[in-house]
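Read through the structure below, which is laid out as structure tokens, and then see the notes.
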Amino acid sequence: MIHAAVHDEPEVHSRMAVLGRLRASDTVFRILTRAAAIAVLVILGAVILALVEGSLPALRAFGFGFLYHEQWNPVTERFGALAPIYGTIVTSLIAILIAVPVGVMIALFLTELCPMWLRRPIGIAIELLAGIPSIIYGIWGLFVFAPFLQQTVQPLLIDSLEPVPVLSTLFAGPPYGIGVLTAGLILAIMVLPFITSISRDVFDTVPPVLKEAAYGVGCTTWEVFRHVVLPYTRVGVIGGIMLGLGRALGETMAVTFVIGNAHRISGSILAPGTTISATIANEFTEAVGDLYTSSLIALGLILFVITFLVLAAARYLLARIERKVA
Amino acid sequence: MKHIQALAAVGLMLAGLGSANAAEISGAGATFPYPIYAKWADAYKKETGIGMNYQSIGSGGGIKQIKAKTVTFGASDAPLSGDDLAQTGLVQFPMVMGGIVPVVNLEGVKPGELVLDGPTLAQIFVGDVKKWDDAAIKKLNPNVKLPSQAIAIVHRSDGSGTTYNFAYYLAEVSPQWKTNVGVNTSLQWPAGIGAKGNEGVANNVGNTKGAIGYVEYAYALQNKLTYTKMVNKAGKVVAPTSETFQAAAANADWKSKPGYGVILADQPGDKSWPMTAATWILVYKTPQDAAATAEALKFFGWAYANGDKMAEELHYVPMPTNVVKDVQATWASEIKGPEGKPLYTASK
């Protein structure tokens, strides 16, 4: 005791020092994390600024017409973005229309119905699908998938749908094998793992008590899924879909290989088309002249805006669902 | 004795390493000549120890890089105009040539069996001639059995010197092409599908029944595609071979354009292949790094003198001797170091 009293003063001192050190490290930590967060904003701002600045010559030359003109002529330097915008949206739409039901069904099977021994192989296969580089999808699409579509699926579609009024235009020939539909199908395969693995993870969070209670009152598996699992997890599922949509909108290499790269809008989804990112990837290296380069950068800006709008729409949708639930 | 030889070999290798560090020539541009530039660079490095780093990023990229002075030389499949050369202070010269050939996928038709002429080719790519048994094609091929099959057009989707030269030829022979489509490294194609790179076009033509496309000669051979013969300016039917490509080059008037910027499409002469194309090198008249440019010129001089066989192995066409002489005279008179000393002397 006495001993302690003698040394009282230095001990207070050292405690102060320790506290000071802790406070200092806390401050440093706060500054570091804040800097990291602000860096994101700065980078995003710089990207927007660079895109806007780069696309100014094109926007000045073509005005709003850039958005709704189909012509893309490097010879006369008349550029309009309608064909790539159309291709981007249609291919992503096809991808989502196919990947969402299939992905959610896979996730449901894995969490609710799958025998234990099959769970791991399927789960790992889905994760591997997400790890395949997009160039591999492109090469596979061009060498294997497109010839298969051209020789079997597309002639069948064209012939069997010919008498049906709207579908006959939507699936009009000739069967090239590559085109908007092929790109959409490849994209569907590419976004499938995102939707599946996120859906599976959120389906796993549903408390077993809820499901067991539903089964207890005599619900079928479909009813349990429709009225218990899905309402409980829809925020997560929509998040997964948006992540997939984001990838589909921006995917470049795989699409470039199989879409046919034609600056035309066609009523048929078997016809070749182009997307924004495929156009940029194809033409940027050889774009000579300021207006051409600037038009390609303006395409990038449009893709940025489309992605932003999709994210904003997703947020809005989620906010509305949450309000309704509350 | 053996020991001495081994020592000498090691010594040579070390010397090689030393000079490789001292000088590395850098260039960027066209993808079409990349295989031969890489092969030359490899052989040159073995001989002299001086390496060359060539990035095949495309002609447009090569022009941008040399204008930004990030490389010693730029390479382009489309020549710069005289005004552009004067403004930027660049010297342009042709390095090597190649041939562009139409390729088709028709059942029962062998390579070199089908004959096309310029106007018909233009009509096919405009989309006016839609079927293989069209009268225009039938007239040129009375002995070939042509199916009543839709023509599927395959063109390049990326900007390319091949497209530039192909379009230039079609514009020469078809006024309709000239006004409606025009000439550039990328075009607004009236019809067909786009594929990336020579290999992309080759693959799509190979896969699609009834397809027609255009590729560099080497790709047609590698992929065993059915190339066609062409009717040339003199009205003669010619097959794509080194001989007919060289004939086109020999018949061209190289001095008629600044920077030897002659497009070899539709040249006169009985044996000239109508779609022959040269590829050019760009260097500065008074470069910032005179030593690097001098090394680059030495390399190009070496390639002119020793590279013909390698070029022919890869199905490129070497420049004619008289053109090489003119080019080397241009180097000696126009490309100068900081004190006005020529960077190239013909004796080397």
Some residue of segment A:248-264 being surrounded by 20 or more Cβ atoms within 10 Å (Cβ to Cβ), under 19 Å from the mean Cα position of the chain (by Cα), modelled with pLDDT of 90 or more and small (G, A, S): yes
Matching residues, segment B:147-196, being open to solvent by less than 20 Å² (accessible area, probe 1.4 Å), more than 25 Å from B:W280 (Cβ to Cβ) and out of contact with any strand residue (DSSP E or B) (no Cβ under 7 Å at 6 or more places or on another chain): B:S174
Neighbours by Cβ (under 6 Å, 6+ apart or cross-chain): first from segment A:66-78, in the same structural domain as A:T293 (by TED's automatic domain parsing); second of a type in the set (S, T, Y) and part of a loop (DSSP other than H, G, I, E, B): A:P74/B:S186
Unique residue being of a type outside the set (S, T, Y), surrounded by fewer than 14 Cβ atoms within 10 Å (Cβ to Cβ) and in contact (Cβ under 8 Å) with a residue 12 or more places away in the chain when the list is A:I139, A:I135: A:I135
Any hit, segment A:229-248, residues being among the hydrophobic types (A, V, I, L, M, F, W, C) and at the interface with another protein chain (Cβ under 10 Å from one of its Cβ atoms): no
Test result for B:P111, open to solvent by 10 Å² or more (accessible area, probe 1.4 Å), more than 14 Å from chain A (Cβ to nearest Cβ) and within 22 Å of B:G200 (Cβ to Cβ): yes
Test result for A:T205, open to solvent by less than 10 Å² (accessible area, probe 1.4 Å) and either assigned to a loop (DSSP other than H, G, I, E, B) or hydroxyl-bearing (S, T, Y) (or both): no
Qualifying residue in segment B:261-280 (condition: open to solvent by less than 10 Å² (accessible area, probe 1.4 Å) and assigned to a helix (DSSP H, G or I)): no
Considering residues of segment A:272-305 that are in a loop (DSSP other than H, G, I, E, B), within 11 Å of another protein chain (Cβ to nearest Cβ) and open to solvent by less than 30 Å² (accessible area, probe 1.4 Å) only, the residue nearest to B:S59 (Cα to Cα): A:E286
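Going by what's in this entry, would B:A75 be described as closer than 26 Å to A:I280 by Cα, out of contact with any Cys (no Cβ under 6 Å at 6 or more places or on another chain) and surrounded by 20 or more Cβ atoms within 10 Å (Cβ to Cβ)? Steps first, answer last, please.
Numbers: closer than 26 Å to A:I280 by Cα: yes; out of contact with any Cys (no Cβ under 6 Å at 6 or more places or on another chain): yes; surrounded by 20 or more Cβ atoms within 10 Å (Cβ to Cβ): yes.
Yes; evaluated as a whole, the condition is true for this residue.
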Residue match in segment B:314-333 (condition: open to solvent by 40 Å² or more (accessible area, probe 1.4 Å), in contact (Cβ under 8 Å) with a residue 24 or more places away in the chain and under 16 Å from the mean Cα position of the chain (by Cα)): yes
Failed item, numbered, when A:Y176 is tested on (1) touching a residue at least 60 places away in the same chain (Cβ under 8 Å); (2) within 29 Å of A:L243 (Cα to Cα); (3) within 11 Å of chain B (Cβ to nearest Cβ): (2)
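Within segment B:219-231, can one find any residue that is closer than 14 Å to B:S157 by Cβ and either more than 8 Å from chain A (Cβ to nearest Cβ) or hydrophobic (A, V, I, L, M, F, W, C) (or both)?
Of all residues in segment B:219-231, those closer than 14 Å to B:S157 by Cβ come to none.
No, segment B:219-231 contains no residue that is closer than 14 Å to B:S157 by Cβ and either more than 8 Å from chain A (Cβ to nearest Cβ) or hydrophobic (A, V, I, L, M, F, W, C) (or both).
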For A:S268: the one exception among (1) of a type in the set (G, A, S); (2) under 24 Å from B:N203 (Cα atoms); (3) open to solvent by 20 Å² or more (accessible area, probe 1.4 Å): (3)
Of the criteria (1) hydrophobic (A, V, I, L, M, F, W, C); (2) in contact with a Pro (Cβ under 9 Å, 6 or more places away or on another chain); (3) surrounded by 24 or more Cβ atoms within 10 Å (Cβ to Cβ); (4) part of a helix (DSSP H, G or I), which one B:V215 fails: (4)
Selection status of B:Y168, modelled with pLDDT under 90, of a type in the set (F, W, Y) and not in a loop (DSSP other than H, G, I, E, B): no
Subset tally (residues that are open to solvent by less than 10 Å² (accessible area, probe 1.4 Å) and either in contact with a Cys (Cβ under 6 Å, 6 or more places away or on another chain) or hydrophobic (A, V, I, L, M, F, W, C) (or both)) for segment A:154-179: 1
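Might you let me know whether segment B:97-104 holds any residue that is within 14 Å of chain A (Cβ to nearest Cβ), open to solvent by less than 10 Å² (accessible area, probe 1.4 Å) and in contact (Cβ under 8 Å) with a residue 60 or more places away in the chain?
Kept after step one, since they are within 14 Å of chain A (Cβ to nearest Cβ), are these residues of segment B:97-104: none.
Looking for residues that are within 14 Å of chain A (Cβ to nearest Cβ), open to solvent by less than 10 Å² (accessible area, probe 1.4 Å) and in contact (Cβ under 8 Å) with a residue 60 or more places away in the chain, one finds none in segment B:97-104, hence no.
The values are calculated or read from the model by the stated rules, or taken from the named source; none is laboratory data. Computed from a predicted structure; not experimentally measured. Using ideal geometry, Cβ is built from the backbone for each residue, glycine included, and neighbour counts are taken over all protein chains shown. The accessibility values were calculated without ligands, DNA or RNA, using every heavy atom of the protein model including side chains. Shrake-Rupley method; radii C 1.70, N 1.55, O 1.52, S 1.80 Å.
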